[in-house]
1. Answer yes if at least one residue in segment 236-250 is more than 21 Å from ALA184 (Cβ to Cβ) and modelled with pLDDT of 85 or more, and no otherwise.
2. Considering segment 229-253 alone, what residues qualify as being of a type in the set (Asp, Glu), buried (at least 18 other Cβ atoms within 10 Å of the Cβ) and without any contact (Cβ under 8 Å) to a residue 60 or more places away in the chain?
3. Name the residue, out of ALA291, ALA226, that is free of Cβ contacts under 8 Å to residues at least 60 places away in the same chain, outside any helix (DSSP H, G or I) and among the aliphatic types (A, V, I, L, M).
4. Within segment 71-123, can you find the residues that are exposed (fewer than 13 other Cβ atoms within 10 Å of the Cβ) and within 23 Å of the chain's Cα centre (by Cα)?
5. Using the structure shown, decide if ILE173 is under 29 Å from GLY361 (Cβ atoms), in contact (Cβ under 8 Å) with a residue 60 or more places away in the chain and in the same structural domain as ARG159 (by TED's automatic domain parsing).
6. Counting only residues that are modelled with pLDDT under 75, give me the helices (runs of 4 or more DSSP H) lying completely in segment 360-424 with at least 3 of them.
7. Which of the residues spanning segment 203-217 are in a loop (DSSP other than H, G, I, E, B) and surrounded by 15 or more Cβ atoms within 10 Å (Cβ to Cβ)?
8. If VAL53 satisfies every condition in (1) part of a loop (DSSP other than H, G, I, E, B); (2) modelled with pLDDT of 85 or more; (3) not charged (D, E, K, R) but one, which is the exception?
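The values are calculated or read from the model by the stated rules, or taken from the named source; none is laboratory data. Keep in mind it's a predicted model, so treat the numbers as computed, not measured. Don't worry about glycine lacking a Cβ; one is built from the backbone with ideal geometry, like all the others, and counts go over all protein chains shown.
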Amino acid sequence: MTPTPTVLFVDDDESMRHSTSQALELAGLACLPLSSAEEALAHARPGLNGAVVTDIRMPGMDGMMLLARLREVDPELPVVLVTGHAEVQLAVDAMRRGAYDFIEKPFAMQELVAVLRRALEHRALVLDNRRLRAVAGQQDDLEVRLPGRSAAAIDLRRRLRAISPSETDVLLIGPTGAGKEVAARAIHDLSPRAQRSFVVINCPALPAQMIESELFGHEAGAFPGAMRPRFGRFEHARGGTILLDEIGSMPIELQPRLLRVLQDRLITRLGSNEPIPLDVRFIATSKVDLAGLIATGEFREDLYWRLAVTHLRIPSLAERREDIPLLFLQLVREAAARHGRPDPVPPPELLADLAARPWPGNVRELRNTAERWVLELDWMSAEESGAMTGRLADRIAAFERSIIAAAIAANGGRLKPVYENLGVSRKTLYEKMQKHGIDRHLVADPDGSED
C-alpha cells in the first residue's frame, strides 16, 4: 500500500506552524510541522512521498540553503518557498535553482493548498516512474544512495530490496565509513514503516549512568531528579524503526534486558511495573565481528542470534575498487551543489590515483576527499581551473574519458571487467578508448593477461 503523502512545513514561527498545519489537515493534506531546516533535513530522504514548504527567512540555515541541501537528497522533491514581498526576486532565482514554486506572504490558504496539490500530483508521477524504471532494471533510489556497478554493490542492493519489505530484524556488519547507516536508512525507507520514525541510538555514546532511562524511559520519582515521566528512545520509535548503531559497544549488563525487548516487544519504564507494547523493527550495526566478542564474553550469544534474523555484510571500498571513480564523481557533484559551484570534472589522472588508494576510511574518507578537492579548486591556476569548465561537449568528453581511464586503472589494465562494469560492449569500449586517446598501458600497470 502506498504511504499517504506528507507535507513538511518548515517555519520558525510557532503560531504560523500551528495555524498552517491545522488548515492543511482540514484540507485533507497530512502535514508535519517543523521548526528548522535541520529538522526538515532529518525527515527528508530520497523517495519521500511528499513535498516541502519552507519560509526563506529563518535563523541558522535559511530556506535557500535548505533548498540546496534538499536538492542533494532528491533533486525531484518539490520544494515550495514562502517569501515576503521584497524577496520575490530571490524566490524567482530559487526556482531557477530547482524550487517547485513560491508563494508570497500573506497568502490565502486556498492558494497554498492548490500549489501543494499540484506538487503532490507531480511527486506521485515521479515516484511511479522511478518504480517502473526499477522494475525495468534501470536506476532507482537505492542505486542513487548506494551507487556502484561492481558485483559487491549490485548484490548488496539486491539483498536490501529483498529484506526491506519484511518485518524481520537485521544485523549489518561492515567497516567504519562503509555505509552501514545509509543501508539501514534505506531498509527503513523501503519498508511499510517508511512514514514513521527512524530513531538512531548510538550505543557507544549512551551515558553510562543514564543508559536505562535513555532507552526505556522513567516514571516520576524513579530516581533522584526524575521530577516528571519521560519517554525513552524506544517509545519514541513506536511504529517505526530503531537503529542500534555499534551494538557491540552495549554494556554486557544491559544486554539481557535488550534481549527481552527483542523477544517480547514489551518495555517497562524505570519505576513502573506496567509493560508497554512496542511495535518497532530493530536494525543493528557493528564494525567488528560479534563472534569475537562472544568468545571473550563481551557479547551474549543469544542476543546475537536474536538480532541476526537477517545478516547482511556491507563491503569495504577496497572490495569494490572499480566503483571508486563513479562514486567520487557523484560525491564531487554533491559537494559542488552544497557550495553553490558548477560541476567540475576531475582529470583522469586523479581518478586513476584514487582508484589505486587503500581507503581505510571507506566512503566517508572518499567523501571528505571530494569535499576538499571541490574547495581547493579556488586555489588552482586559471589554466587548471579552466579545464574544469568550458563547452558542454568538451566537458562531457572529458567526463567520459575520466570514467574509462579510471576504470582501466582500477582493474589493472584488464579490459573485460571494465566493459562489463560500465555496461558497454567490448567493441564500444575499444572505440571510445581510440576516440579519447587512452592507452591502457599508460593509465595502469596490467599483469600482461589478454582480454
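1. So far as segment 236-250 goes, no, none of its residues is more than 21 Å from ALA184 (Cβ to Cβ) and modelled with pLDDT of 85 or more.
2. Hit for segment 229-253 is GLU246, nothing else.
3. None of the other options fit; the residue is ALA226.
4. PRO75
5. yes
6. Passing ranges, in order: 382-386, 392-410.
7. Hits for segment 203-217 are LEU206, GLY217.
8. So VAL53 meets the others, but not (1).
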